[in-house]
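Trainee: This is the structure I have questions about; it appears just below.
The values are calculated or read from the model by the stated rules, or taken from the named source; none is laboratory data. All figures in this text were calculated on a predicted structure; none of them were measured in a lab. With ideal geometry, Cβ positions are generated from the backbone for all residues, glycine too; neighbour counts draw on all protein chains shown.
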Amino acid sequence: MERDVVVGAQRGLHAIIATRLAAAVEASGATVLLALTSDPSYQVDASRLMAVLSLGAAAGESLTLSCDGPHAETTLDTVAAVISSPD
């Protein structure tokens, strides 16, 4: 399952949000991959803080989230909420 979400924080996908994101993914037990919508060839594991930060996602930039498994929709809802949060 895939979903696009826009980075909501004015400072982009910074360390605090990346930490929240990694914790949410870890808690879900699912594997979530992130990629800039503009560069889908570079995907990172959303549970890895440094990998998430390596995307360098700026405010307003679109990310593509992908997740498989029985709770994929719920997991993507949670992850999307963290990414789209204004901070």
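Trainee: Can you tell me how many residues in the range 55-86 are of a type outside the set (S, T, N, Q), closer than 12 Å to A35 by Cβ and under 11 Å from the mean Cα position of the chain (by Cα)?
Mentor: 4
Trainee: Counting only residues that are over 10 Å from the mean Cα position of the chain (by Cα) and without any contact (Cβ under 8 Å) to a residue 40 or more places away in the chain, how many does the range 30-47 have?
Mentor: Matching residues across the range 30-47 total 8.
Trainee: Let me ask something additional. Please go through the range 58-81 and pick out each residue that is in contact with a helix residue (DSSP H, G or I) (Cβ under 8 Å, 6 or more places away or on another chain), modelled with pLDDT of 95 or more and not in a helix (DSSP H, G or I).
Mentor: Selection gives L63, L65, C67.
Trainee: Next question, about the same structure. Are there any pairs, at least 6 apart or on different chains, whose C-beta atoms fall under 7 Å, with the first in the range 48-64 and touching a residue at least 24 places away in the same chain (Cβ under 8 Å) and the second part of a loop (DSSP other than H, G, I, E, B) and surrounded by fewer than 16 Cβ atoms within 10 Å (Cβ to Cβ), and if so, which?
Mentor: Filtered contacts from the range 48-64: A59/Q10; A59/R11; S62/T37; L63/T37; T64/T37.
Trainee: If I ask for residues that are of a type in the set (A, V, I, L, M), more than 11 Å from the chain's Cα centre (by Cα) and part of a loop (DSSP other than H, G, I, E, B), which ones from the range 1-26 would you list?
Mentor: Hits for the range 1-26 are M1, A9.
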